[in-house]
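A.B. asks: Please see the structure below; I have some questions.
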Amino acid sequence: MFSSHVEQAGKRQANADVMADILWRYIQPSSVIDMGCGLGFFLNACKARGATIRGVDGDWVKLEDSVIPKSARRTADLNLPYAERKRYDLAATIEVAEHLLPERSESFVADLCNLSDIVLFSAGIPDQGGAGHINLRFQGEWAEMFAAHGYACFDPIRRRMAAFEHAHPWLMQNVLLYVKDGVEISPLLEEHRIVPRAASSVGYWHYRKRIRILRQRIRNLRGED
Ligand SMILES: C[S@@+](CC[C@H](N)C(=O)[O-])C[C@H]1O[C@@H](n2cnc3c(N)ncnc32)[C@H](O)[C@@H]1O
């Protein structure tokens, strides 16, 4: 599963660094937990910016591939409830929820809300493509789940990611920030508050890919090639 992550380590770390740079304009978390951290690129970026880190992922991740220390890692099956007594300044989960059982969605969001007042959330949308995706949803559905816990949605990252030449398309499309009502935020972040259905907006990259696939299907049906 992680061979492509290892092969693309430089690009993945660069994306994580750009995302952390954007995020740090708005919040400066001292402690970060990343649920489904993979090899740990995002946490590595957080650590470089002074945060203490905790990464959670399956026991199938090879430690020799990890870019964060073993001591920062914890193994867990995220299809099962996850709880810690500690709360973090930021809970992140990047392209993980689409791999979890659909019936786990609400309780996964509840776990994230229990871990922090601020959640960085990214998960694949329908027809995104990729392996092992069993729970693809538009972002608005996740936003509604967070709203049920009193977390508002903010969209300060997606468009700024797009300014990075080597941005992963899924980060330009999917990364949102959720903040618990009542938590003080900077006016800079306040400007990026959106309603849940606005979270579902789909970007150019995804649109173009879908049109290409649909055109190919039409050609196939017509027997054109
Ligand atoms: C697409 S990768 C994303 C990794 C990392 N967040 C990143 O952005 O580089 C999906 C991650 O979810 C983890 N994952 C999927 N299902 C899981 C489960 N049931 N329990 C724990 N981790 C899981 C995988 O091991 C993998 O690290």
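A.B. asks: Mind checking which residues of region 52-75 are closer than 17 Å to residue 1 by Cα and either of a type in the set (S, T, N, Q) or surrounded by fewer than 17 Cβ atoms within 10 Å (Cβ to Cβ) (or both)?
C.D. replies: If the condition is that a residue be closer than 17 Å to residue 1 by Cα and either of a type in the set (S, T, N, Q) or surrounded by fewer than 17 Cβ atoms within 10 Å (Cβ to Cβ) (or both), then 58, 59, 60, 62, 63, 64, 65, 66, 75 are the ones that fit.
A.B. asks: Among the residues of region 70-87, write down those that are within 12 Å of residue 112 (Cβ to Cβ) and near the ligand (Cβ under 10 Å from one of its atoms).
C.D. replies: Across region 70-87, the qualifying residues are 78, 82.
A.B. asks: Can you confirm whether region 38-53 contains a residue that is in contact with a His (Cβ under 9 Å, 6 or more places away or on another chain), within 22 Å of residue 176 (Cβ to Cβ) and within 12 Å of the ligand (Cβ to nearest atom)?
C.D. replies: Within region 38-53, one or more residues are in contact with a His (Cβ under 9 Å, 6 or more places away or on another chain), within 22 Å of residue 176 (Cβ to Cβ) and within 12 Å of the ligand (Cβ to nearest atom).
A.B. asks: If you check residue 16 against the conditions, is it near the ligand (Cβ under 8 Å from one of its atoms), in contact with a helix residue (DSSP H, G or I) (Cβ under 6 Å, 6 or more places away or on another chain) and modelled with pLDDT of 95 or more?
C.D. replies: Criteria met by residue 16.
A.B. asks: Determine whether residue 198 is touching a residue at least 24 places away in the same chain (Cβ under 8 Å) and either crowded, with 18+ Cβ neighbours inside 10 Å or within 15 Å of residue 93 (Cα to Cα) (or both).
C.D. replies: In short, no.
A.B. asks: Can you pull out the residues in region 141-159 that are over 12 Å from residue 180 (Cα atoms), surrounded by 19 or more Cβ atoms within 10 Å (Cβ to Cβ) and over 14 Å from the mean Cα position of the chain (by Cα)?
C.D. replies: Correct list: 145 only.
A.B. asks: Next up: What helices (runs of 4 or more DSSP H), lying completely within region 145-225, carry at least 1 residues that are within 19 Å of residue 42 (Cα to Cα)?
C.D. replies: Counting at least 1 such residues, we get 158-162, 169-174.
A.B. asks: Here's something else I'd like to know. Mind checking which pairs have a first residue in region 70-98 that is closer than 28 Å to residue 130 by Cα and a second that is outside any helix (DSSP H, G or I) and among the aromatic types (Phe, Trp, Tyr), Cβ under 9 Å, 6 or more apart or different chains?
C.D. replies: 75/60; 76/82; 91/121; 92/121; 93/121; 94/121; 97/121
The values are calculated or read from the model by the stated rules, or taken from the named source; none is laboratory data. This structure is a prediction, so every number in the text was calculated from the model and none was measured. Every residue, glycine as well, gets a Cβ built from its backbone with ideal geometry; the counts of neighbours run over all protein chains shown.
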